[in-house]
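All remarks here apply to the structure that follows.
What follows draws every value from the coordinates through simple rules; no lab data is involved. Source: prediction; values computed, not measured. Please note: Cβ atoms are built from the backbone with ideal geometry, for glycine as well, and neighbour counts cover all protein chains shown.
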Amino acid sequence: MAYLTEARLDSVMDIPLALPSTTLQQGDWLVVGSIQILSPMTLTYKFANLDLLDSTVDTTQIQAVNKIFGNLGLVYLSLWLNYSSGSSPGAAGALDVLIASSLGSFQRNVTNIVTLTTPGIYSWIVANNCQPSSDASSLINSALSIDYTVTITGQVRLDLGS
Amino acid sequence: MAQTELRRGEVIQIAKAMINQGQTLEMRMLTLNLVRVLTFGQIPVYLNSAFGLCSVGLYFGPMISSPLAYVKITTNGTAMLNPYKRKVMKSPGVYRILIANNTSNLDLSVCATGSMKFYQ
């Protein structure tokens, strides 16, 4: 069993990821946090909570045609390495995704631990996965904007490895 | 601070901590991400050439030009403090984390992430 020494404890920092209640318009995304690591640092990501507090439409009426990515729910929080601001955060390549599929609170599975050691810039991005649609199967008027009020609470541990 | 629009010349207070005699505040981790420049086709006009397009720092007083520690950024991307160097504050008083747009003609979209340790 490893001992937790003062020097060991001193090289560990817990960094908050927080987004206060914020309106996220359809198709839009926000960077919630960015952390750059170098060798021999380690990032450990366990805990994140995504709350979908409010919507401008009845979420039960949202159909597949209203979603930009069919498998990413209404709103998602994705973790990216070296994300560049022009690309969509829902595209393939995210390291971890937390999905909110309805109004309510969605917690990441804390037993699924993501350990990151590759040097680079890690960014947590929250995105609204909805879009207007004039398709016949859409129950929502395409003139309406499908916006959500979201809150994020999370934490990531940075080990400096020194 | 999650991604936020920071308009030209603006300063936003992200955090504030007050310490008393015998207490210690330590900062090692502070990252600034310039996600996007929102004003296109402009050559930046700097308010203070030392602070890049945008800077985030730890301040003991109100003067935006005299941080105790700061991170500046001059182009899209990320910059951070050296986490292996400690910034230890023991003087009683109010410490603030401020983020500033250092230009008079560009609006920016920025994100700042960091943590401080408090010892009593």
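Worth pointing out:
- Averaged over A:31-41, number of beta-carbon atoms from partner chains that fall within 10 Å: 6
- Each Lys and Arg Cβ is given +1 and each Asp and Glu Cβ -1; about its Cα centre, region B:1-99 then shows a dipole of about 200 debye.
- Farthest positive-ward along the protein assembly as shown dipole, Cα basis, beta-carbon charges - from B:M89, A:P89, A:W124: B:M89
- Rounded to two decimals, the Cα-based Rg/Rh of chain B, with Kirkwood Rh, is 0.99.
- The alpha carbon centroids of region B:1-56 and region A:100-147 are separated by 28 Å.
- Leading residue at positive end of dipole, region B:4-115 (Cβ point charges), from B:S65, B:L53, B:V110: B:S65
- Counting neighbouring Cβ atoms within 10 Å and putting the fewest first, the residues B:V45, B:V11, B:V110 line up as B:V45, B:V11, B:V110.
- Of B:K90, B:K85, the sequence from fewest to most neighbouring Cβ atoms within 10 angstrom is B:K85, B:K90.
- Taking the empirical scaling 2.2 N^0.38 Å for compact globular proteins as reference, region A:1-144 has a Cα radius of gyration ratio of 1.23.
- Partner lysines for B:K85 [C-alpha distance under 23 Å; skip if fewer than 8 residues away on the same chain]: B:K16, B:K72, B:K117
- Options A:V150, A:L52, A:L38, ranked by Cα towards positive dipole end of chain A, top entry (Cβ charges): A:L38
- Burial ordering of A:V150, B:V71, A:V110, fewest other beta-carbon atoms within 10 Å first: A:V110, B:V71, A:V150
- Rg/Rg_ref, the protein assembly as shown, where Rg_ref = 2.2 N^0.38 Å and atoms are Cα: 1.08
- Within 10 Å of each Cβ in B:104-114, the average number of Cβ atoms from other chains: 3
- Neighbouring partner chain Cβ atoms per residue of B:75-86, average, 10 Å criterion: 4
- For region B:4-115, averaging the sequence separation of C-alpha pairs within contact (under 8 Å, six or more residues apart) and dividing by the residue count gives a relative contact order of 51 percent.
- Förster radius 22 Å - calculated FRET efficiency between A:D10 and B:S65 (Cβ-Cβ, nearest 0.05): 0.10
- Computed E for B:T39/A:A64 - FRET, C-beta separation, R0 41 angstrom, nearest 0.05: 0.65
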